[in-house]
Amino acid sequence: MANLIAGNAVIGQSGGPTAVINQSLVGVVEGLREHGAGEGGTIRKILGMRHGVRGLIEDQLIDLSAMETERLERIARTPSAALGSTRDKPDAAYCERIFEACRRHDIRYFFYIGGNDSSDTCRIVNELSRQAGYELRCFHVPKTVDNDLVGSDHTPGWPSAARFVAKACMADFMDNISLPGIKINVIMGRHAGFLTAASALARRTDRARSTDGPQLIYLPEVPFDLEQFVHDVATVFDEKGRCHVAVSEGIQDKDGNAIGAMLIQGEVDAHGNVQLSGSGALGDQLAGLLKAKLTPEGGKPPRVRADTFGYIQRCFPDQSEIDMREARGVGRFAARLAVSGDLDGSVAIVRTSTPGPGEAYASEYRRIELSDVAAKTRHMPEEFIDGTNDVTRAFIDYARPLVGDLPQFERL
């Protein structure tokens, strides 16, 4: 094809793994193979980076060109990053090493599956190649359980993680009504509340206003006040004798100070972020606060427990069907853009149906600029947030088809 340039293609995975990130990997491979890659064609090899760009600069590459279709399909349906991932956040000097590795291995097609930092890596590498007059087609393939990429209706990885959160909170609520008490679940989401909001899907759908838990949902987009939190819990607990709470790990006060970060000392990741998901400190602190505040004078403290949903929500093997399909689709679409002559870009999922009870869900893929995604964060829109401790029907309508069917339980 006239649009192809001779050379090799390379694919990497970055950031936290997800239940469907391998679908995107296989989607890119399939898309390139459809144009003769790895079969003596213009695109000679399809290479995989071991542990992202770190593997590329260290020449740790695996040849995916002739891998059996059956094995690729098994990999696609396997959670986690099959190639291995990395938390490296390349600066300009690091990206120069990436570009030199591309030269060394005659790489002309660069695909990076990841979040907004990964799109920024693509952007910088692409700029370096243009400055050097070296044609390199760089494409970001979206993924993140946080659902915080700008330009997309939603991001591959989030629907499956949201499905886990909904089911886990459903099970936790059933436990809570069996042995009443106060239960707190701390859920991933440093700056965006989409994953914590998915806990609302645990509620029954056969009531106009379900009283199922979690009765209280706290998002990072809404300022968190400790005294108000105690009051909210006390109100539900006094009425029902129990209370089920979902809290984002990224909740912050009115001045933007992360509550969790104030409780955790020292440990940070490669991006300088306090590792909120690696500690139960936030849940323990909130539980301790409730015990102290809600114990009647001379009485017995309420039963309060807290769990932190850490890495378990990322790769749980109960994927959303739509998530699997779209994760594969964004990979294939990125490959199609590259072989069609585009030099760079990111892939966005655009919803073409209207959310609502009667929605026949539909979506399409579009190319957007790397600069539209790179180093930017999408937050829960106002229309999805109900007051200080809940989500709206609009969010439920948005999320339900993506997450898929959930169990329906009965109780006395």
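Every number here is computed from the coordinates shown, using simple stated rules; none is lab data. Computed from a predicted structure; not experimentally measured. Neighbour counts are summed over all protein chains in view; Cβ atoms, including those assigned to glycine, are modelled from backbone coordinates with ideal geometry.
Translational diffusion of region 76-194, estimated by Stokes-Einstein from the Kirkwood radius over alpha carbon pairs at 10 °C in a medium of 1.306 mPa s, is 93 µm² per second. Highest mean packing comes first when the peptides 298-307, 173-182, 13-22 are listed by Cβ atoms within 10 Å, giving 13-22, 173-182, 298-307.
Under a 5 Å amide H cut-off, with hydrogens placed 1.01 Å from N, ARG137 pairs with TYR109, PHE110 among residues at least 5 apart or on other chains. Counting other Cβ atoms within 10 Å, which trypsin sites (Lys or Arg not before Pro) in region 153-230 have at most 10 and lie in a DSSP loop? Filter output for region 153-230: ARG207, ARG209. As a calculated quantity, the FRET efficiency between TYR134 and GLU70 at R0 = 45 Å, using C-beta atoms, amounts to about 0.80. Here the gap between MET174 and LYS254, fully extended at 0.36 nm per residue and compared with their Cα-Cα distance, gives a gain of 25.5 nm.
With n ≥ 4 as the cut-off for DSSP H runs, can you work out [θ] at 222 nm for the chain, using -39500 (n - 2.57) per run divided by the number of residues, rounded to the nearest 500? Computed mean residue ellipticity for the chain: -11000 deg cm²/dmol. Distances between placed amide hydrogens fall under 5 Å for TYR218 paired with ALA246, VAL247, SER248, all partners being 5 or more residues away or on another chain. Inverting the pair-averaged 1/r between distinct Cα atoms of region 351-393 gives 13.5 Å as its Kirkwood hydrodynamic radius.
When each of SER24, SER80 is scored by the number of other beta-carbon atoms lying within 10 Å, the sequence from fewest to most is SER80, SER24. Scanning the chain for GluC sites (Glu not before Pro) lying in DSSP loops with no more than 15 further Cβ atoms inside 10 Å, the longest uninterrupted stretch between such sites is 136-266. In sequence order, region 359-369 has phi-based couplings of 5, 9, 4, 8, 8, 9, 10, 9, 7, 10, 5 Hz under the Karplus curve 6.51 cos²θ - 1.76 cosθ + 1.60, θ = phi - 60°, and Gly or Pro positions carry x. Placing one identical point scatterer on every Cα of region 337-412 and ignoring solvent, what is log10 I(q)/I(0) from the Debye formula at q = 0.12, 0.15, 0.18, 0.25 Å⁻¹? At q = 0.12, 0.15, 0.18, 0.25 Å⁻¹ the computed log10 ratios are -0.55, -0.78, -0.97, -1.19. Once backbone amide H atoms are built at 1.01 Å from N, LEU47 has ALA9, VAL10, ILE11, LEU64 as its partners under 5 Å, excluding neighbours fewer than 5 places away on the same chain. Checking (1) 21.3, 67; (2) 22.7, 68; (3) 22.8, 83 against the coordinates, the calculated Rg and Dmax of the Cα atoms in Å falls under label (3).
Subtracting the Cα-Cα distance of LEU343 and THR78 from their residue separation scaled by 0.36 nm leaves 92.4 nm. Computed 3J(HN,Hα) for region 234-247, one whole-Hz value per residue from the Karplus formula 6.51 cos²θ - 1.76 cosθ + 1.60 where θ = phi - 60°, is 4, 5, 5, 5, 5, 6, 10, x, 7, 7, 10, 10, 10, 10, glycine and proline marked x.
Seen from every direction in turn and averaged, the convex hull around the alpha carbons of region 1-147 projects onto 8.1 nm².
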